[in-house]
Each structure stands twice: as C-alpha cells, then as structure tokens.
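Engineer: Take a look at the following structure, please.
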Amino acid sequence: MDIKKAMVIGAGQMGGGIAQVLAAAGIETYMNDVKQDIVDNRIAFITKLLDKNVAKGKNTEEEKAATLANLIPSVSLEDAKDCDIVIEAIVENMDIKSNVFKQLDTICKPSCVLASNTSSLPITEIAAVTNRPDQVIGMHFMNPVPVMKLVEIIRGLQTSDETYAAVKELTLRLNKLPVEVKDVPGFVSNRVLQIMINEAIYCLYEGVASVEDIDTVMKFGMNHPMGPLKLADFIGLDTVLAIMEVMYEGYGDCKYRPCPLLRQYVKAGWLGKKVGKGFYTYDD
C-alpha cells in the first residue's frame, strides 16, 4: 500500500505531532479539527518548532519548507475522501471516537486504512462500528511525537495482515520503531506507565513525600528523564484518569483504581501543563 495522502483528526499536542512527522516524511497531510483557529495555532506552533530545529542545525530550511507545504488545514472530515490513511487523535472517549469512525467509514474510499492513536480503548470495539473492521488498527504514538521513536501497533480482533503490514511499513517510513501489541486495556505502555504514575499520586496523597521529592527519587534513583508527577502534568491529568478508568473497568482489578487525589485534581480543573496548573504550576 503506497500511502501518499493522510489525515490526522485532532490538532492538539499528539495530533499535531503525528501530522508533523507524516508531513516531514513527504506525505500530504490534512490536519483536521473542529475549529480553524485550533488548526492555525497548531501549524504556528509547528512552524516555531521547525525554526528552532533549523537554528540548531537539526533541519534545513528546505526540509522545513517541505514539511509545512505538506500540512493542509482542515475543518471538515469530507477532506478525508481521497486519503490513504486517517489517524484519529482526539479525546479518550469511546462514544466520540465511534461517532468519528462511523463518519469516516462513509466518507473514505474503500481502500483507506482507519487508525486510532487511542492510549487505552479497545481497537476491536472501534472497528466494529465500521463496515471495514479489517482495515481498522491502533497506532499509539508516544509524546512528544517528533522526538519519541516508539509506536505501539495494536491489532483488533478483525485487523487483517495486509492492514498491519501497511501500517508497520508506514511506521518505519516515519523513522519510528513499531512494536506489535495485543488489544488489551492500556496495551503495554500505559498498562505499565499509568500504574506507576497512579502509585506516585498515592504517595503524595498519603503524605509519603512532596511532589518534588517523589519526582527526584524516580529521576535520580531510577534514571527516569522526568518524574512521574511532572510526566502526568505533561500527559494531562484528565487523560491519565481516563486511561486508569479504562484499565480499572477492563481488568476489574483494584490495582488499577485511580487515586482519589487524581479525581480531585481533575474535578478542580487542575489538568496539568496545558492549563498552567497540575502537580506543578506553569507560567507559560
């Protein structure tokens, strides 16, 4: 399968990163969201990022120009009609994702692959709302997408070998490392990561140590590049909670029970870096 044209749905941090790496690989890419200003702001952010990379010698002006030329703003799913692949990167909510995939199923050409960047939701269930379940697959990129190498490729119960092979080939083309993972709640990355983050929140909740000291232990004791509480802020505490809820329901095991403090922060609107306050306070 020769992927020449793509759409990424969701111009947030993850969707914007995915669109950037697709465009950098020479793929004409629609960056789609519900409002034009959201798309425009993400393209402006990518432009600034590429400017910094050029200044540091990581990219050339020609590479920057080529990447930006391949990014096409979009506020209509109808733009996906000629795409070879569509990658959904929106909120972790099954009803919302299912509605988008139902629409894509009627808009996209028969050969188009439909992929989800979901962090934890079952690909099998998403695929079931379409008439092409064999062409639905999970592509779970890591954040920040332009930097992180790993992509978990999740095969639903119905995903064909041809779809998997095409997505694996695309992942390699993006200079990423593909890993095949079974369709279970949280996959591998979040099944391991989120339980560590949740336990760190419990340490704070129980007064074991301060935010800074918990993160210091993990940074300098376990050689993690970032402490779990700061990482939670970067992921978004609402997203962390949503993933924990999916795993708690999916496995029925109390070890996945979200910490009450996490629920409190989300209810307070302290969602992390994107709103300026989570476990840390951010000025920008």
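Engineer: For the range 151-174, name all the residues that are of a type in the set (K, R) and either more than 17 Å from the chain's Cα centre (by Cα) or closer than 15 Å to M1 by Cα (or both).
Structural biologist: Correct list: K168, R173.
Engineer: Another one. Restricting attention to the range 1-50, report how many residues are closer than 20 Å to C108 by Cβ, in contact (Cβ under 8 Å) with a residue 40 or more places away in the chain and buried (at least 17 other Cβ atoms within 10 Å of the Cβ).
Structural biologist: Final tally of qualifying residues: 19.
Engineer: If we only count helices (runs of 4 or more DSSP H) wholly inside the range 193-284, which ones have 2 or more residues that are in contact (Cβ under 8 Å) with a residue 40 or more places away in the chain and within 29 Å of F45 (Cβ to Cβ)?
Structural biologist: In the range 193-284, 228-235, 237-251 are the helices (runs of 4 or more DSSP H) which contain 2 or more residues that are in contact (Cβ under 8 Å) with a residue 40 or more places away in the chain and within 29 Å of F45 (Cβ to Cβ).
Engineer: Return the residues of the range 60-110 that are touching a helix residue (DSSP H, G or I) at 6+ places or on another chain (Cβ under 8 Å) and polar (S, T, N, Q); say none if nothing qualifies.
Structural biologist: Within the range 60-110, T60, T67, N70, S74, N93, S98, Q103 qualify.
Engineer: Which residues, taken from the range 237-272, are within 18 Å of G12 (Cβ to Cβ) and either buried (at least 22 other Cβ atoms within 10 Å of the Cβ) or β-branched (V, I, T) (or both)?
Structural biologist: Residues satisfying the conditions are L237, T239, V240, L241, I243, V266, G272.
Engineer: Turning to a different aspect of this structure: Residues of the range 67-118 being of a type in the set (V, I, T) and surrounded by fewer than 23 Cβ atoms within 10 Å (Cβ to Cβ), which ones?
Structural biologist: I72, V75, I90, V91, I96, V100, T106, I107
Engineer: Tell me yes or no: at least one residue of the range 161-173 is crowded, with 17+ Cβ neighbours inside 10 Å and farther than 25 Å from L104 by Cα.
Structural biologist: No, the range 161-173 contains no residue that is crowded, with 17+ Cβ neighbours inside 10 Å and farther than 25 Å from L104 by Cα.
Engineer: OK, next. Kindly indicate which of K176, K255, K230 is of a type in the set (K, R), out of contact with any His (no Cβ under 9 Å at 6 or more places or on another chain) and assigned by TED's automatic domain parsing to the domain that holds M142.
Structural biologist: K176
Engineer: Let me ask you something else. What number of residues within the range 209-252 are of a type in the set (A, V, I, L, M, F, W, C) and within 22 Å of G269 (Cα to Cα)?
Structural biologist: Matching residues across the range 209-252 total 13.
Engineer: Would you confirm whether any residue within the range 69-85 is over 18 Å from A19 (Cα atoms) and in the same structural domain as E169 (by TED's automatic domain parsing)?
Structural biologist: No: the range 69-85 contains no residue that is over 18 Å from A19 (Cα atoms) and in the same structural domain as E169 (by TED's automatic domain parsing).
The values are calculated or read from the model by the stated rules, or taken from the named source; none is laboratory data. Everything quoted here is computed from the prediction, not taken from an experiment. All Cβ positions, even for glycine, are placed from backbone atoms using ideal geometry, and neighbour counts span all protein chains on display.
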